[in-house]
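Before any comments, here is the structure.
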Amino acid sequence: MAILRKIIHIDMDAFYASVEQRDNPDLRGKPIVVGGSPQGRGVVATASYEARKFGIHSAMPARQAVQLCPHAIFVRPRFEAYKEVSNHIREIFSRYTDLIEPLSLDEAYLDVTADKLGIGSALEIAEQIKNAIKDELQLTASAGVSINKFVAKIASDINKPDGLKFIGPSAIEAFMEKLPVEKFHGVGKVTAEKMKQMGLHTGGDLKKLSEETLVYRFGKTGHFYYNIVRGIDNRPVQPHRETKSLAAEDTFSYDLEELEDMELKLEELAEIVHERLKKKNLSGRTITLKIKYSDFKQITRNRSFPHPVSDLKTIVDTAKSLLMSTEPKDHKIRLLGISLSNFGEAQPKQKPSKYTGQLSLF
């Protein structure tokens with residue numbers, strides 16, 4: 001019989017907003033919004049739980065947030081501060097396992113099947129991690145515990161904030177059958193609507209379809225749907241991958257129209273890429289910007305350097321420059337991504353073809 005994995009998904013609660021409230025006592029207990037300016041068409045990056053009570057959520061237009069909560073306090077993101085906190089959180093994770101797969105500055109998967117301290121209980125480890133984050137950083141995190149990544153991630157969202165949810169092997173199939181299709185990670189609004197038009201409202205409805213039918217209707221993702229509604233997700237936690245490129249991207253619930261919001265998002269993505277480069281001790285000679293527009297058209301733009309780069313300023317400045325070359329004010333953007341590639345030593349100048357040209361990195 002195969003050994004069941006012990007997987008924890010940790011997700012910080014209203015991360016950016018919580019850091020701002022921790023660092024500024026005047027903001028505590030108040031509805032704050034971290035993101036773009038409400039004067040234009042700014043977008044909410046994160047809202048405190050006090051703001052969320054008014055219906056404010058991530059990716060909402062800032063003007064709409066003001067309408068919902070006129071006394072909301074808007075704060076510009078401080079990515080350097082968030083990165084410092086994120087590094088401390090990762091250090092807490094590493095006390096228990098080296099199998100850590102970061103997803104962003106504020107969430108990660110941990111495989112504690114064989115934990116460093118010999119605790120044995122994933123639930124106990126998750127509790128200890130949550131307590132350490134609270135004691136050492138004065139912040140709260142929510143944790144989901146299960147035997148695979150998909151279910152652990154869903155579980156972490158159930159009892160937010162400061163939640164802890166365990167979904168054991170015997171409960172997974174029944175849980176997945178009741179799960180609304182829009183709660184499946186990777187199912188966006190368009191796909192969810194398509195499913196509902198087909199009469200597919202829950203995991204139980206998906207479970208009634210054959211694998212062939214799911215693949216026919218939803219492409220290769222149909223294989224994943226078929227397995228996950230049965231509690232099968234064999235993806236390992238991957239702390240180390242063969243690195244040919246290193247990227248971060250985000251899809252927005254609302255299309256970005258203002259340059260300020262696009263640049264804010266690029267700054268956030270650049271922070272994530274920069275942090276991952278540092279952890280892997282990598283530098284790259286090609287920086288690529290990925291853009292997907294509201295009509296789903298996708299483009300990439302890149303710039304190559306004669307020597308490897310990894311500093312945050314170069315990544316940010318290059319990404320913004322590449323964005324400007326696309327005349328962003330004329331478009332609505334639903335996804336942005338930044339990638340570095342072409343790692344290793346710089347090639348001789350007489351061989352520019354080794355490090356220039358359009359790359360497909362995502």
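List the helices (runs of 4 or more DSSP H) that sit entirely inside the range 128-246 and contain at least 2 residues that are free of Cβ contacts under 8 Å to residues at least 60 places away in the same chain.
Values: elements: 149-156, 169-178, 189-197, 203-207, 211-218, 221-228.
Qualifying helices (runs of 4 or more DSSP H): 169-178, 189-197, 203-207, 211-218, 221-228.
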Discussion item. Taking the conditions exactly as written (within 30 Å of residue 285 (Cβ to Cβ) and either among the charged types (D, E, K, R) or in contact (Cβ under 8 Å) with a residue 60 or more places away in the chain (or both)), does residue 258 satisfy them or not?
Written reply: no
Discussion item. Can you go through 184, 175 and tell me which one is under 18 Å from the mean Cα position of the chain (by Cα), under 20 Å from residue 147 (Cα atoms) and either surrounded by 17 or more Cβ atoms within 10 Å (Cβ to Cβ) or hydroxyl-bearing (Ser, Thr, Tyr) (or both)?
Written reply: 184
Worksheet item: Counting just the residues of the range 111-154 that are within 17 Å of residue 11 (Cβ to Cβ) and among the basic types (Lys, Arg), which one comes out surrounded by the fewest Cβ atoms within 10 Å (Cβ to Cβ)?
Response: 134
Fill in: Whichever residue in the range 243-267 is crowded, with 22+ Cβ neighbours inside 10 Å and of a type outside the set (A, V, I, L, M, F, W, C) and, among such residues, is modelled with the lowest pLDDT
261
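Rundown of residues vs (1) surrounded by fewer than 19 Cβ atoms within 10 Å (Cβ to Cβ); (2) at pLDDT below 90; (3) not assigned by TED's automatic domain parsing to the domain that holds residue 288, yes/no style:
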{"site": "321", "(1), (2), (3)": "yes, no, no"}
{"site": "328", "(1), (2), (3)": "no, yes, no"}
{"site": "352", "(1), (2), (3)": "yes, yes, yes"}
{"site": "355", "(1), (2), (3)": "no, yes, yes"}
{"site": "358", "(1), (2), (3)": "yes, yes, yes"}
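The values are calculated or read from the model by the stated rules, or taken from the named source; none is laboratory data. None of these values were measured; they are calculated from a predicted model. Virtual Cβ from ideal backbone geometry, glycine too; neighbours counted across all protein chains shown.
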